[in-house]
């Protein structure tokens, strides 16, 4: 009976800690093992402390509900197995969130690097550095006007009191293509780098 109580305690604690991910497995796996071991124990009645128990004349009457420890073992197995499933799901969800955030960073850095190497941008950067009155900058963000897969890249020079834009570029990481903004026609034309 002590093993069964231990299995329940480990199962409940691991379920409460399941949001931490795989750490709750350190509680639920031993709880599952204890619950399986208790299946081999001799079957006993566990009386639930509600109802009536007494005598009517010489006859003993009992109206108390009971459950056997075998059924309690099955419930402990289910509790610990469910805790393992929740723990693995939480681990997968946390892993997905962390990896999804890093893939966008790599894609945007690739876009900045490719736009910075374009001959027209290199020439603009050299002119800004030779002038000495401003600094060269490249900024990137998700394009709110287009499909979410595009990154919008701004190439500009920064003065102490204002900024002057050299050009706008779109980077599509799926197709590995760069597009230049044609301000006059308000269109995007593909740039071959």
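Taking only the C-alpha atoms of segment 117-191, Rg followed by Dmax gives 13.2, 38 Å.
Mind grabbing the base-10 log of I(q)/I(0) for segment 52-144 at q = 0.11, 0.19 Å⁻¹? Debye formula, identical points on the C-alpha positions, no solvent, two decimal places. Debye intensities relative to I(0), on a log10 scale: -0.68, -1.00.
Gyration tensor analysis over the Cα atoms of segment 1-110 returns equivalent ellipsoid semi-axes of 47, 14, 8 Å (largest first, whole Å). Across every pair of non-identical alpha carbons in the chain, the mean reciprocal distance, once inverted, gives a Kirkwood radius of 22.8 Å. Taken over the alpha carbons of segment 12-72 as equal point scatterers, the Debye sum produces base-10 log I(q)/I(0) values at 0.23 Å⁻¹ of -0.92. Counting every Cα pair in segment 149-193, what percent are over 11 Å apart? Value for segment 149-193 (Cα pairs over 11 Å): 69 percent. Of all DSSP bridge pairs formed entirely within the chain, close to 100 percent run antiparallel.
Look at where the Cα atoms of segment 20-86 and of segment 145-193 average out, and the two centres are 65 Å apart.
Values quoted throughout were computed directly from the atomic coordinates according to the rules given, and no laboratory measurement underlies them. All of these numbers come straight from a predicted model, not from anything done at the bench.
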